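Engineer: Quick one: the structure is below, questions incoming.
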Amino acid sequence: MSKRPHSPQESDIGTKRPRPASPKPFNPIKVATPEAAAAVDANPPAKQLVEALGDVVKNPDKGDCVVYWMRMHDLRNNRAFSNACEQARRDEIPVIVLFVFSPQDYIAHDRGARKIDFTLRNLAILKKTLADMDIPLHTVTYVPRKKIPEKVLNLLGSLGCKRLYANIEYEVDELRRDIKLCELALPQRVQINLSHNKAIVEPGVIFAPSSGKPYAVYSPYKKQWLKIVNDKLEHYLEEAADPTANDPSVRESETFGPLFETEIPSSIPGFELDDADKTKMTEVWPAGESAAREILLRFLNTKARTSQLGPVNPLADGAEDAAKHNRVVKYGGDRDRADKDTTSRLSPYFSSGVISVREVFRTTMRLFDIKKIDVNSNAGVGTWFSEIIWRDFYTDVLASFPRVSMGRPFQEKFSAVVWENHQSPEESRGPASKDSDSEALSRWKQGKTGVPIVDAAMRCIKEMGWVHNRPRMIVAMYLTKHLMIDWRVGERYFMENLIDGDLASNDGGWQWSASTGVDPCPYFRIFNPHSQSTKTDPSGDFIRYWVPELSKVRGPDLHTPSTSIVDKLKYPRPIIEHKEARERAMRRFKNPGST
């Protein structure tokens with residue numbers, strides 16, 4: 001979907017600035033040049049930030065408060081918040097929580113309205129929880145994004161804050177923002193404290209012993225991850241200490257008292273959901289850490305239910321406890337089944353930090369009396385753990401090879417592959433208009449490709465803001481290999497429509513499917529969507545639910561309906577046949593640049 005920023009009103013403590021009469025459209029460059037990507041890879045911003053943190057102010061004045069800057073991956077108690085509370089307790093001053101809305105960053109990262117709405121709903125719950133501890137959650141909106149470091153420091157000055165705490169975000173733009181923050185804070189004698197929190201094993205720890213370089217293949221990364229974590233299990237799975245409440249007198253402060261009155265907006269201009277979609281997202285994805293924990297416990301303790309196939313509340317009544325046949329125990333054999341409620345559905349909560357991955361490991365290990373993480377010892381739990389470790393891997397890739405967050409393929413040799421796009425990402429500084437979609441791309445987005453499993457998955461995304469991982473792979477492979485449409489177009493569409501959008505995991509998945517990324521699917525391995533359909537939806541329930549035109553079709557015809565069937569049922573014929581598509585993709589990937 002195309003978005004244009006509205007130039008939200010900026011606000012600080014007690015100040016309001018008028019909205020510009022004619023704001024210039026914000027159209028960030030989506031794809032860096034090969035030269036720019038190579039330069040960033042040669043000197044990663046993550047490394048630069050670590051160096052900058054070595055030069056921060058060592059012994060600042062105590063100040064009047066400690067500020068914790070909460071970010072989009074941190075919507076719960078976490079390391080930075082815990083550290084900020086501990087510092088405030090030692091100094092006997094209050095801790096203040098800050099959240100910065102940056103619409104230009106949302107545009108640059110293709111964050112969708114569903115993701116923003118989920119963030120706002122979680123912030124509303126957090127604000128009440130923190131207020132009960134006499135901790136204010138203050139929100140501000142800053143435009144332009146390049147001024148955020150300066151504006152945050154100005155805000156800290158107005159609060160009398162000399163210590164800022166936050167967790168590190170690993171996208172290039174955010175790393176550069178924090179590097180600038182460190183630079184500007186030095187002359188103001190403000191101490192910047194940034195923590196690793198998103199991954200269990202932070203980027204930069206795991207590397208190939210022979211080369212000293214980060215891994216670009218998952219299997220050896222996972223092997224090292226398991227060794228490192230199991231050697232210091234308590235350290236890596238330790239959760240942050242609970243936050244310490246402020247003294248109630250903070251509410252009487254002329255400076256801090258008004259912060260309790262800051263409202264969490266119901267929407268961000270340019271990222272509004274219509275009422276029906278907002279209601280559905282609230283039902284299907286309940287906000288809050290308590291809801292996330294209950295969803296986890298349902299996955300660990302209850303059977304799969306056919307009633308949970310579609311856009312329904314994951315905490316609906318009727319879940320049946322089962323010690324030996326619960327979803328996680330059967331995950332090893334059922335994880336690719338889209339026709340059953342076999343997955344945890346925790347991805348939105350992981351990507352927003354509403355539940356800690358460390359907590360997920362600890363809870364699961366305690367329930368199954370697991371002393372060491374072994375991805376092979378338990379077919380269900382071990383397989384699930386292995387899938388979660390992929391999140392750490394892709395975060396490590398994002399920090400170690402920053403080119404992937406700049407719209408570049410990890411394997412630059414495939415940048416010359418000829419795509420069928422109406423418009424290449426290099427030619428578009430901002431999101432392409434819906435009106436300019438090619439017919440093939442439009443049919444893919446609408447779930448009208450004529451391939452039932454693809455259409456079911458795309459309609460699920462449109463309705464639910466989420467879809468099972470195996471169908472994600474199928475539709476991504478179909479777009480990039482059958483329709484030969486640039487993977488970055490699909491990556492953007494997912495980020496704009498999925499409630500669990502996460503740049504690291506989303507880019508990793510799309511580049512895997514397009515054979516352009518780290519540890520990719522080989523270019524000559526091209527999913528046959530019809531055979532994939534029989535594997536991921538053997539009962540046909542997933543297709544019949546999401547593609548009602550085919551609701552009465554049974555057997556093999558459901559996965560590969562004949563021309564007579566589709567014409568009779570008014571279901572579209574396939575855009576392209578598999579054999580023809582495969583031959584074209586093989587030709588173009590084998591010799592990038594050829595048509």
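The values are calculated or read from the model by the stated rules, or taken from the named source; none is laboratory data. Predicted, not measured: the structure shown is a model, and the values here were computed from it. Cβ sites come from the backbone with ideal geometry, for glycine too, and all protein chains shown count toward neighbours. SASA here: full protein model, heavy atoms, side chains in, ligands and nucleic acids out. Shrake-Rupley method; radii C 1.70, N 1.55, O 1.52, S 1.80 Å.
Engineer: Being without any contact (Cβ under 8 Å) to a residue 60 or more places away in the chain and more than 30 Å from Asp61 (Cβ to Cβ) narrows it down to one of Lys115, Lys128, Lys147, so name that one.
Structural biologist: The unique qualifying residue is Lys128.
Engineer: Give me the pairs, please: first residue somewhere in the stretch 463-486 and farther than 23 Å from Leu273 by Cβ, second residue anywhere and outside any helix (DSSP H, G or I) and among the aromatic types (Phe, Trp, Tyr), beta-carbon distance under 8 Å, and either six or more positions apart or on two chains.
Structural biologist: Matching pairs, first to second residue: Met473/Phe527; Ile474/Phe527; Met477/Phe527; Tyr478/Phe527; Lys481/Phe527; Met484/Trp419; Ile485/Trp419; Asp486/Trp419.
Engineer: How about the stretch 371-406: which of its residues are surrounded by fewer than 18 Cβ atoms within 10 Å (Cβ to Cβ) and outside any helix (DSSP H, G or I)?
Structural biologist: Lys371, Lys372, Asp374, Asn376, Ser377 - these are the residues of the stretch 371-406 that are surrounded by fewer than 18 Cβ atoms within 10 Å (Cβ to Cβ) and outside any helix (DSSP H, G or I).
Engineer: Just to confirm my filter: which helices (runs of 4 or more DSSP H) fall fully inside the stretch 430-505 and include at least 1 residues that are among the small types (Gly, Ala, Ser) and open to solvent by 20 Å² or more (accessible area, probe 1.4 Å)?
Structural biologist: Values: elements: 439-446, 452-464, 469-477, 487-497.
By residue number, 439-446.
Engineer: Do you know which residues across the stretch 119-155 are over 25 Å from the mean Cα position of the chain (by Cα), under 26 Å from Asp173 (Cβ atoms) and of a type in the set (D, E, K, R)?
Structural biologist: Result: Glu150, Lys151.
Engineer: Kindly provide the set of residues from the stretch 574-593 that are in contact with a helix residue (DSSP H, G or I) (Cβ under 6 Å, 6 or more places away or on another chain) and either open to solvent by 40 Å² or more (accessible area, probe 1.4 Å) or not assigned by TED's automatic domain parsing to the domain that holds Asp455 (or both), ordered by number.
Structural biologist: Ile575, Pro592, Gly593
Engineer: Specify the residue that is least open to solvent (accessible area, probe 1.4 Å); the eligible residues are those in the stretch 263-320 that are within 16 Å of Asn122 (Cβ to Cβ) and basic (Lys, Arg).
Structural biologist: Lys278
Engineer: Next question. Being in a loop (DSSP other than H, G, I, E, B) and touching a Cys at 6+ places or on another chain (Cβ under 7 Å) is the filter; apply it to the stretch 69-127 and report the residue that is nearest to Tyr142 (Cα to Cα).
Structural biologist: This residue is Pro94.
Engineer: Another one. One residue is enough: does the stretch 313-328 have a residue meeting the conditions modelled with pLDDT of 95 or more, within 25 Å of Tyr236 (Cβ to Cβ) and either more than 18 Å from the chain's Cα centre (by Cα) or among the polar types (S, T, N, Q) (or both)?
Structural biologist: Yes.
Engineer: Consider the stretch 323-359. How many of its residues are under 18 Å from Ala292 (Cβ atoms), among the acidic types (Asp, Glu) and open to solvent by 20 Å² or more (accessible area, probe 1.4 Å)?
Structural biologist: 1
Engineer: Kindly provide the set of residues from the stretch 194-211 that are within 30 Å of Leu159 (Cβ to Cβ), open to solvent by less than 30 Å² (accessible area, probe 1.4 Å) and of a type outside the set (A, V, I, L, M, F, W, C), ordered by number.
Structural biologist: Listed by number, the residues that qualify are Ser195, Asn197.
Engineer: Within the stretch 126-144, which residues are in contact with a helix residue (DSSP H, G or I) (Cβ under 8 Å, 6 or more places away or on another chain), over 21 Å from Asp64 (Cα atoms) and surrounded by fewer than 21 Cβ atoms within 10 Å (Cβ to Cβ)?
Structural biologist: Thr141, Pro144
Engineer: Is it the case that Tyr221 is surrounded by 13 or more Cβ atoms within 10 Å (Cβ to Cβ), under 30 Å from Ile96 (Cα atoms) and aromatic (Phe, Trp, Tyr)?
Structural biologist: No.
Engineer: Which one of the conditions (1) under 29 Å from the mean Cα position of the chain (by Cα); (2) in contact (Cβ under 8 Å) with a residue 12 or more places away in the chain does Arg525 fail to meet, given that it meets all the rest?
Structural biologist: All conditions pass for Arg525, except number (2).
Engineer: Any idea how many residues of the stretch 183-193 are surrounded by 22 or more Cβ atoms within 10 Å (Cβ to Cβ) and either assigned to a helix (DSSP H, G or I) or within 26 Å of the chain's Cα centre (by Cα) (or both)?
Structural biologist: Summing the residues that are surrounded by 22 or more Cβ atoms within 10 Å (Cβ to Cβ) and either assigned to a helix (DSSP H, G or I) or within 26 Å of the chain's Cα centre (by Cα) (or both) in the stretch 183-193 gives 2.
Engineer: Look at the stretch 194-228 and say how many of its residues are under 26 Å from the mean Cα position of the chain (by Cα), part of a helix (DSSP H, G or I) and among the charged types (D, E, K, R).
Structural biologist: 2
Engineer: Condition test on Asn154, is it open to solvent by 20 Å² or more (accessible area, probe 1.4 Å), of a type in the set (S, T, N, Q) and not in a strand (DSSP E or B)?
Structural biologist: Yes: the conditions hold for Asn154.
Engineer: Could you check the stretch 237-262 and list, in sequence order, the residues that are more than 30 Å from Ile389 (Cβ to Cβ), open to solvent by 30 Å² or more (accessible area, probe 1.4 Å) and outside any helix (DSSP H, G or I)?
Structural biologist: Thr244, Ala245, Asp247, Ser253, Glu254, Thr255
Engineer: Can you find a residue that is in contact with a Leu (Cβ under 6 Å, 6 or more places away or on another chain) and closer than 30 Å to Leu156 by Cα anywhere in the stretch 256-273?
Structural biologist: Yes - at least one qualifying residue is present in the stretch 256-273.
Engineer: Next question. Taking Met477, is it over 17 Å from Phe589 (Cβ atoms) and modelled with pLDDT of 95 or more?
Structural biologist: No, not satisfied.
The rows are residues; the columns are (1) hydroxyl-bearing (Ser, Thr, Tyr); (2) in a loop (DSSP other than H, G, I, E, B).
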{"position": "Glu294", "(1), (2)": "no, no"}
{"position": "Ser307", "(1), (2)": "yes, no"}
{"position": "Lys324", "(1), (2)": "no, yes"}
{"position": "Ala338", "(1), (2)": "no, yes"}
